[in-house]
Structures are given as C-alpha cells and as structure tokens.
There are 2 protein chains.
Amino acid sequence: MTYTPPVAEQRFVLEHVVGIADLAADARYEAAAPDMVEAILDGAGAFAAGEYAPLNRIGDTVGARWEDGRVMLPPGFREAYQAFVAGGWGSLAGPTAFGGQGLPYALAAAVMEDLGSANMGFSLVNMLTPGAIEALIAYGTDDQKAKWLPKLVSGEWTGTMNLTEPQAGSDVGALRTGATRAADGGWRIKGTKIYITFGEHDLADNILHLVLARTPGAPAGTRGISLFLVPRLRDDGTANDVRCVSIEHKLGIHASPTCVMSYGDHDDCHGELIGAEHGGIAAMFVMMNNARLNVGLQGVQIGERATQQAVAYAMDRVQSARAGGASRDPVAIIEHPDVRRMLLRMKALTQGARALVYYAIGQLDRAHLGDAAARDRVDLLTPLAKSWGTDAGCEIASLGVQVHGGMGFIEETGAAQHYRDIRIAPIYEGTNGIQAADLVGRKLALGGGAPFDALIADMQRDAENESLSRLIGDCAEVGRHLAAAGADDRLAGSMPFLTMLAVAVAGWQMERQGRIAATAEGDPAFLSMKRAAADYFVRHIVPEAAGLKSAALDGAGLLYAVEAGAFLA
Amino acid sequence: MTYTPPVAEQRFVLEHVVGIADLAADARYEAAAPDMVEAILDGAGAFAAGEYAPLNRIGDTVGARWEDGRVMLPPGFREAYQAFVAGGWGSLAGPTAFGGQGLPYALAAAVMEDLGSANMGFSLVNMLTPGAIEALIAYGTDDQKAKWLPKLVSGEWTGTMNLTEPQAGSDVGALRTGATRAADGGWRIKGTKIYITFGEHDLADNILHLVLARTPGAPAGTRGISLFLVPRLRDDGTANDVRCVSIEHKLGIHASPTCVMSYGDHDDCHGELIGAEHGGIAAMFVMMNNARLNVGLQGVQIGERATQQAVAYAMDRVQSARAGGASRDPVAIIEHPDVRRMLLRMKALTQGARALVYYAIGQLDRAHLGDAAARDRVDLLTPLAKSWGTDAGCEIASLGVQVHGGMGFIEETGAAQHYRDIRIAPIYEGTNGIQAADLVGRKLALGGGAPFDALIADMQRDAENESLSRLIGDCAEVGRHLAAAGADDRLAGSMPFLTMLAVAVAGWQMERQGRIAATAEGDPAFLSMKRAAADYFVRHIVPEAAGLKSAALDGAGLLYAVEAGAFLA
C-alpha cells in the first residue's frame, strides 16, 4: 500500500501535453526550467510518499473527529501539514508579490497529484486554498491582498469555500445566508452553510472562510449574491463568531472534515466584502473553476494509486496455470489475459484522465499569459476534466477492487478505501450532471461556438486512428445538434455527449503521446507502456464512447414519455 | 428508506419472461397456479418489507460480531429469521418428499429478490442453503437425504459452501483441506477455509457445512476433490470440532459474517462423504451454479432498492427551475432531464437484469422438467446472469448515490450502503472474469456450439429494433470468432463479449416485454413505465454494448505487448 510517485509519466505529460517549455519561455514562468521541474517532481513525490501516504489508513479508520465545535485530525496530520508549509509546497503557483514562486499551475498540479494519490482525504486541505487565492487576486483590494494573501500563499492559513446551504445545493442562487452593515461600517454575517470541506481543523492557526451571502434588498437568485471573507480568528487573535456545529459521517475521505458551519450565532460574525456587492457569483466561478480542475485531478490521483496497488497485487498473487499454456504451474495473476486487460485499462484510463486534466491546466497557464484562445479552451475543457476525470477515477478504483478478488472487499487491503474515497468526486464542486449542463449550455455557446469548432479542428488535424477520427467527427455532429436543440433535448443528451467529447480529447492526447513515445528516448519500460496504454485507449475506450452517440442524439421525448409518478410503479 | 415490493413487475416477468403458466401446466409444478403466485408475491413482499427491511441499517452499522468463536447478529435478526422459517418462505422450491412445496425456482427467486432488496447482507443466510439442498438431492444417499434434507428445506438449519482457502481462490483445485478415514470408518476433516458466508451465526440451531477436501492419495487438482458434509452439531447434539476463528472487516454486507473456518483443530471433526470420492467438483458445480444465479439476482435486488430510494428522493427534493421552462419556480429534481435520465437508466438496467436472471431461472425450472434444450440454455446464460447482473447492480447503486447529490455520500442516507453492499457481487461465487472465461470456454463449446446458435436464432427471430438486431448479429460473429480463437485471444475478448451477449439477451426480453405491455391490461403507470424502460434499454444501452465489439475482437496481442514489469513504470 505504498505510493510511488509516477515521476517519468508526470515529466512526459508536462513536456508533451502541457508544453512546459513553451510556458518557461515566457518571463512570467521562466522559473519553470527543466532542472526546477525535475526538482519539484522528485521532491514533491518524495514528500507525499514519505509524509502523506503513511497517514492514509489512519485517516480512514480514525478520521477527523468533532468535539464541542473543534475538529481534530488524527496524530501526525498537523506535523505533516506543517512540513508541507515549511517545504513551500503550497506556494508554487502563488504570485511572487505575495511570497509565491510564480510557477505554472501545471507544476502545482503535479504536486497536488502526489498529495492526493498519497492521501486524498488529507489533501483536500491543500486543494481549496488556491481557489481562495485566485478569488482574492481577482477581486480583493490591495489592502485585502496585502493582509490575507501572504499567509494563504504560504499555507500557514487555509481557505474554505462556503456556497451550499440545505435548500441551496446545485441551485446556489437559493442561498439565504445574510450580510448586514454594522454601525462600525463593517459587515456581519449570519447563516448556516453545509458540506464545508475543512471548515474547521487543527492543522493551521487560522482559517479564512470565503462565504457567499445576500445583502439587504439584494436581487433574488445568483445576481444578488456577494462574497465575504470571514476569518476564524479576528485581527486581534480572538475568535470570530463562527462555529463548526457538526461534521458528516461519510462513505469516504474520512480525513477530510465535512462541516456544518454556523455564522453569527451571537450576531457578531465579522466579514469583509470581497469585490463588488452583488458580484459574488463571478468570484464564486473563479474559485469554482479552479476547484473543478482540481477535482478532475482527483480522478487521476486515485486512478494512479489504485492502479499501483492492483499491479503490485497482481504481480504477487499466484493462482492457476495460464490457460492454453504448456506449463501447468500456477502463475502470477497478471499473466492471465482478463486480469491483464483490467490492469491495462486502469493504466489507459489513468493516463487518459491525466492527459485531459493536465492539458486543460496547461491551457489555464497559457490563459494567464494573455492567450485568449487558451482561456476559451480551458473554459470549454473544465467540465470535461471534472466530470470524465472523476468518472474515470471511480471506474479505475472499482477495477482495482476487482483485481484483488475477495481481498478487494476486505477493508484492510486498502483497495476498498480508494473506491469509497473517490465516489465523492463526481458529486462535489458541481455534480457531473451540472458539468454536462454547463458544457451543452454555456460552453458550446461560448464565442458563438468558435472555441468548440477550434478544438474539433485541432483534434481532426492530428488524429490518425480511424475510430478516433470518427469519434471526433461524431462529437462535431452531436455538438452542433445539441447547440441548436431546445433545452430539454440538449440536457437529455448532455452527459453522453460530455463522455464522448472527453474521451475524444483524452484519446487525441493519448494518441499523440503514443506517437512521441515511439521515437522518444528514455526508460524503455515506461515508453513501451505509454505506447500500449495509448493503443488500448484508442482501440478500446474510443469505440466504447462512440456507442453513446444514439443516446446523445435521442432527445428528451423518451424521458418524459411517462409521468414522474410512474417511476414509483 | 422503506422497501416496496415490486409486485406488478414480478408478476409481469413471471408471466411473460418465465412463462410460469407453462410450468404450472406440468404436474410437478401444478401448485404454481395464478392465485398461489399472487399469494406468494404479496406475502413474501410484505414479509421482507416488514421483517427484513427494518433491520437493514442496524445490520450495516452494528453488523455481525465475533466473540470467542461465536458470531452474533444484531438484535432482531434471530426473530426475523425464525419468522422466515415459520412462514415457510425457505421451502418453496424444496422437494415435497422432504417437506418442500415443490414450486418452481422462479417463484423462490421472487422471494429471494424481496429478501435481498430488503436486506442484502441478512439475506445471504437464505441464499446458500438451496445450493446445499441441490447438492444433497443430486449426490446424497437416501439415508443422507432423509437425515439432512427436512431441516435444510424448512430452514431450521442452514447450509454453507466451503471452497476457498488462502492459496485456493479462483483455482479451487489448489485446495489442501484433508479428509481421512478414522478407525470407526467415518471421515475426519482437517483444514482452514476462508470467505465462508454465514459459516457461524446465532440464527438457527445447526449449520451444515458442505466442505471440499482431498482424501489421501487423491489426484492433484480438481479431479482429486471430494465433498463432505460437516455438521456444526453432531447427531447427539454435541459440538463438532469446527470453529469460526475470525470474521472479516468488509466494505459492505456487514450483516453477513464472512468467516474463517477451522476444521479439526483437535483432529476430531466428523464429516460425511457426499457422492463419490473424487466426485466433489461436480457436486461443487451444482451448488455453485445455483449460487451464481442467486448472485446475479443480487444485482436486481440492489438495483430495485437503490432505484426506489433515488426515485423517492428525486420526487421530494426541490432544486432549481426547469431549464427552458416558462416558470422560474424550483421543481422536484426528477423534472430535470439529466436526473430523469439517470432514473430511467436505473429502471431500465434493473428491469433488464431482472429479465435476464428470471429468464435463466425459468429455463432451470424447465430443465427440471426434463427439457434438455432448457438445460443447455441455463448453462449458457448462468455466467451472463451472474456477471452482467452484478455489474448492472453496481452501476445502478452508483447512479443512486449520484441522484442524491451530496446526501448520497452521507452514510445516514442509505444510498451509500447499497453502493458498498453490492460491490461484493462481481467478486464472489466466481469473479466476473471467471464467468467470462466460463462463457468463452465451456459454454460456447457446449454441444458443439448448438445452444449458442439456438439462442442467437431465437433472439434474431424476435428482434425488431435495428440496433438490437445488429447487436445480436455482432454477438454471433464475435462468438464464432472467439470459439475458434486461441486461449489468449479468447480470454482477452471474453469480458467485452459477455457484456455484449448479456445486453443482447436482456434487450431481447425487454423489447418483448415492451411489445406485450403495449397491449396488455393492467396498471397504466406500470405498463407505460415498462414501455419506457424497454425503449431506453433498446435505444441507449444496446448501442453502448455494440461499442464493445472492437475490444472483443482485438485479441491478446496488445495485452502482452509489454512485459508485466512495465506495468510498474
């Protein structure tokens, strides 16, 4: 159950999918030189394997505990988190003006990948702070930036994202938490938020809550939402009027406290407005889009970890002779075709998800250099990365359980923990259904459809495999159809279409990598596996996605052919 | 989280998929008259909902506990089990000569479905006894039948199946448990068995263990295996030398104790040989095939339960206005297209799995009437029912979590329990990979391929939808290809082929039911949902399965393109 950082793979993806050399050619990212990339991959991998991975099982079995408003992580977590801060691992992509290292997000993503593979539940504390930083950079005043950013960037303080309320889940516009002006001119926050990841913990000295709330007389819905920063501790070090009233008992990620947060029980919860009043929804999307890419990356994280564990088991477990073989001696189960099929599928899905997510993050880095086409592309790809990345993670974890046979169902093995942990990822930060709606709604319509067309054209130019070309063509056809369809038909086909398009993009990047690997220099085992994974992806996973075309085009008629009540029959 | 027995659906499937009237026309099954069917469906449903369902959550949270060799179920379980025995629910399909009611298995399956939907973990105690009964009927002497069958048939005593040992999982021939003749002429058993479901419990007064063991000088492998009956209590009521040394800590089915059993610690474990020495493997298949159909049925059980729960939640949870609709009022989420897509998919997969499994069991009942073609067909369908039925169950449970959004990840909701419970089903009673191997090995070759050809011909005759016809044709092509292929290529394509063929059979039966529902009389809500589920299955799930053809035909070359060690790279 150890974790081995996939350094060769990460380096290959950064080089050939992200194009890190192009980024480093810009003055903003000049620090991302090859030796720095190497040092970060090696260092972060060793840190995650050495400090986070050993805490994965106790994180699951003991987990976060709530007591009288405080949340305690198991022994060792605070020390490991402090080592994370001391190592500067949180500040890689932070702005240099506030103590960050100004490196591309793609490099920070490799670090997050390592942390999450090592310990997904724990790593969530590292995952939401970057979104808070982004929101402050985008909407904070200079004073606010100077006051809050340095300790967020270093990781000394952590950030949270407070959107959801019991009646306001996917429909964030339905939130009721209120913010009112006090006599001193400051804001007072009052309300209850649920599902707040690491809303309370004992890892860091302060927690900055970014809270969506409604000011008096604000318009209904999302147009009336404002963003507030609510520190756990006020400037004078005294406790603010905010309290974690309980944590959830969950299927997985037990090390991540999922908090019910109560703001202003005593009408004295101080907050600062971030950005304009009623401008909260735009700030929320800044946080959310960052988080969505990071959640997609969680599919890669668990995919990698589950695959490593299944491969190790399959190389160790001896059972039955090879069918049709000359020898009757039992062999390691990795030698049996169907086991090997599962393992190659796990490799291909993990590498495919990694290619998709890192490619999207690489476009984000380009967007930060002012590349407008890259901005459009990352906007288009974000729902794909989040939704298909997490679906792939769930499938890989399930295959990991299956490879273990009966042992996979025994908790001590650890395969089941991955299966439980990753199941949250298709749900949070906008369910995968919400991602699909975002794709066929906002994202297909983006720029009058030009970003979608440009993506299709780029893929069609590169694709060599016939099934892949055909899938890309099908995506173009379905995308055009859905963009012109009515709301119900568009949404009815949204999820099958999202899967088709995500597999096309991942397949495009996998095929490209396979070609590069055929002539690249490096570890022959790594390069041959890259080619095999690319071939499997294009020859097996791509044709499966093509099977979704009928569903994507079928429209909503069938869905509403019966009354809702008939679902009870 | 209540359970509502799907009586209308069960009755429809028994009538139109099983053809229960044909069975009742034979003297052997004449008791299965319509009023009896009605009474059993109503009674078993009410019993399961009233007695088993309320124990589902305590079964999960408290579960079976081990203490000094004894296993205790939570409060209420013994009483509920005794009520099961008193109600005669275990004896439906048992032979009348030994106190059974001589009814078709298809009816007993409906009862098992209810019990498992209500409480999957608990219902496992009811699931293995029928296999023990079958093995005794097939291989026991008259004395053994008279001695053991009555209390097994009534359910007063329960049966277990002891195959697996640490080094002998899928490779059952590697088992080492020994059986030796004692001076008194009886057999003494010695060895350790693992993963023994309900190997020890406090629900019934005696447990009959059916144990595979090796006699002195027996040939290696499966040809040297013999079957023994080892009672927990000997005839004189004293304890036999058999002990549960621990139970597993599992991902799910916590109410089902998974035992490590130690036989003969004191060299005094008495057993009876069942059938011929070295004839154990045939007896094992009798038990196993029965169990495999019942495990496939577990996919239906959890599918039904998870669907009911998700539908109830989606009708209750109000969130967001309908996109593109005139009103901005929030609606129940079942009104949103993608949620409805998930719910219709759950309905279609559940009904499809039920159609496949009940159809197979109906063929088993026909086989018991001497129909040789039906015997071949159930043999061919058993791996499909087990493997695809359980895969469908896992997908449905996952969709159920997803429909609940954040609530799905909270354990108290109950959706997560279904997701955890069902994950064992693709593993036990022969992993789904073993089922696929059985399909492309033994089952395609059965009768020189005639049973496979007959199935294809029956399906082709009925199929009207173009995609379904094409999938059936693809199955015929792939089946012929794999039957002629070498072992590696055959096994490499085995799982994609199994999925294609299972979806074809389920699609065939769904399309048939959809046609019947169009003109049948009955509850309009039920009939319209049957048609919608049938349409969804044929128009969405069938084309997806067609996407597996390339994988099924691709051969093993890609799987072995890299050395096993490269999977670590």
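List of remarks:
- Global geometry of the range B:431-569, whether rounded, prolate or oblate, following the gyration tensor of its Cα atoms and the 1.5 cut on a/c: prolate
- Backbone amide hydrogens, once placed in the peptide plane, bring residue B:233 within less than 5 Å of B:207, B:240, excluding anything fewer than 5 places away on its chain.
- Shown for the range B:235-268: residues covered by the partner protein chains by 50 Å² or more of accessible area relative to the chain by itself (probe radius 1.4 Å), namely B:249, B:251.
- For the axis carrying chain A to chain B: nearest C-beta residue of A, whole Å: A:547, 1
- Evaluated with a Cβ-only charge set (Lys, Arg +1; Asp, Glu -1), the range B:442-569 carries a dipole of roughly 180 debye about its Cα centre, given to the nearest 20.
- Nitroxide proxy distance, nm - points 7 Å out along Cα→Cβ at residue A:454 and residue B:312: 5.1
- Cleavage-rule hits, GluC sites (Glu not before Pro), the range A:445-492, DSSP coil, Cβ neighbours within 10 Å at most 16: A:464
- Label-point spacing at residue A:147 relative to the other copies reads 8.6 nm, in ascending order, each point sitting 7 Å out from Cα along Cα→Cβ.
- Links that overshoot a 22 Å alpha carbon limit, given the list A:147/A:193; B:386/B:443; A:193/B:347; B:443/B:549; A:549/B:549; A:549/B:386: A:147/A:193; A:193/B:347; A:549/B:386
- Projecting the Cα atoms of B:522, B:553, B:456 onto the dipole axis of the range B:431-569, where Lys and Arg carry +1 and Asp and Glu carry -1 at the beta carbon, places B:522 farthest toward the positive end.
- In this structure the protein assembly as shown gives 32 Å² per residue of accessible area when probed at 1.4 Å with all protein chains present.
- Residues of the range B:331-352 buried by at least 40 Å² on assembly (accessible area, 1.4 Å probe, chain alone as reference): B:337, B:338, B:340, B:341, B:344, B:347
- According to the Cα-based calculation, Rg over Rh for the range A:474-544 is 1.18, with Rh computed by the Kirkwood formula.
- Euclidean distance between Cα centres, the range B:206-282 to the range B:369-431, Å: 28
- Inter-copy label distances at residue B:61, using a point 7 Å along Cα-to-Cβ, come to 2.3 nm with the shortest given first.
- Fully extended contour minus Cα-Cα distance, from residue A:371 to residue A:323, at 0.36 nm per residue: 11.8 nm
- Three-way shape call for the range B:85-177 based on the alpha-carbon gyration tensor, with the a/c threshold at 1.5: oblate
- Residues whose amide H falls under 5 Å from that of residue A:331, counting only those 5 or more places apart or on a different chain, are A:319, A:320, A:321, A:322, with hydrogens built in the peptide plane.
- Here the Karplus relation 6.51 cos²θ - 1.76 cosθ + 1.60, evaluated at θ = phi - 60°, turns the backbone of the range B:213-223 into coupling constants of 8, 10, 8, x, x, 5, x, 5, x, 5, 6 Hz, with x for every Gly and Pro.
- Point-charge dipole on Cβ atoms (K/R +1, D/E -1) for chain A, about Cα centre, debye to 20: 760
- Working from the Cα coordinates of chain B, the gyration tensor eigenvalues give, after taking √(5λ), semi-axes of 37, 28, 24 Å in decreasing order.
- Long-range amide H partners of residue B:161 with built H, under 5 Å: B:197, B:210
- Contact order normalised by residue count of the range B:428-569, Cα under 8 Å, 6+ apart, percent: 30
- Heavy-atom surface analysis with a 1.4 Å probe gives the range B:29-154 a carbon and sulfur content of 56 percent of its accessible area.
- Förster radius 41 Å - calculated FRET efficiency between residue B:35 and residue B:223, Cβ distance, rounded to 0.05: 0.25
- Heavy-atom accessible surface of the range B:431-569: percent carbon and sulfur, 1.4 Å: 50
- Descending Cα extents along the principal axes, the protein assembly as shown, whole Å: 92, 62, 58
- Each chain gives up part of its surface: A and B jointly bury about 7900 Å² of accessible area, both sides summed, for a 1.4 Å probe.
- The range B:366-440: relative contact order as a whole-number percent, Cα under 8 Å and 6+ apart: 34
- Based on DSSP H segments of at least four residues, each scored -39500 (n - 2.57), chain B has a per-residue ellipticity at 222 nm of -16500 deg cm²/dmol.
- Percentage relative contact order, chain B, counting C-alpha pairs under 8 Å, at least six apart: 13
- Solvent-accessible area, 1.4 Å probe, carbon plus sulfur percent, for the range B:226-275: 49
- Using a Förster distance of 25 Å, the FRET efficiency for residue A:268-residue A:82 (Cβ separation, nearest 0.05): 0.25
- All alpha carbon pair distances within the range A:284-435 were sorted into 5 Å bins beginning at 0; the resulting P(r) in whole percents reads 2, 11, 17, 17, 15, 12, 9, 7, 5, 3, 2, 1, 0.
- Shape class of the range B:145-294 from the alpha-carbon gyration tensor: rounded, with the ratio a/c of largest to smallest axis under 1.5.
- The GluC sites (Glu not before Pro) of the range B:512-569 meeting both criteria, a DSSP state outside H, G, I, E and B (loop) and at most 10 other C-beta atoms within 10 angstrom of the site's C-beta, are B:521.
- Applied to the range A:226-243, the Karplus parametrisation 6.51 cos²θ - 1.76 cosθ + 1.60 on θ = phi - 60° returns per-residue 3J(HN,Hα) values of 10, 10, 10, 9, 10, x, 5, 10, 6, 4, 7, x, 7, 6, 6, 7, 9, 8 Hz, with x for Gly and Pro.
- ³J(HN,Hα), Karplus 6.51/-1.76/1.60, whole Hz, each residue of the range A:51-65, x for Gly, Pro: 10, 8, 4, x, 9, 5, 6, 5, x, 7, 7, 9, x, 6, 10
- Distances, shortest first, from the label point of residue B:564 to those at the same position in the other copies read 5.5 nm; the point lies 7 Å along Cα to C-beta.
- Average beta-carbon neighbours from other chains, 10 Å sphere, peptide A:400-407: 5
The values are calculated or read from the model by the stated rules, or taken from the named source; none is laboratory data. Small disclaimer: the values here were computed from a predicted structure and weren't measured. For neighbour counting, all protein chains shown are included, and Cβ atoms are generated from backbone atoms with ideal geometry for every residue, glycine included. SASA here: full protein model, heavy atoms, side chains in, ligands and nucleic acids out. Shrake-Rupley method; radii C 1.70, N 1.55, O 1.52, S 1.80 Å.
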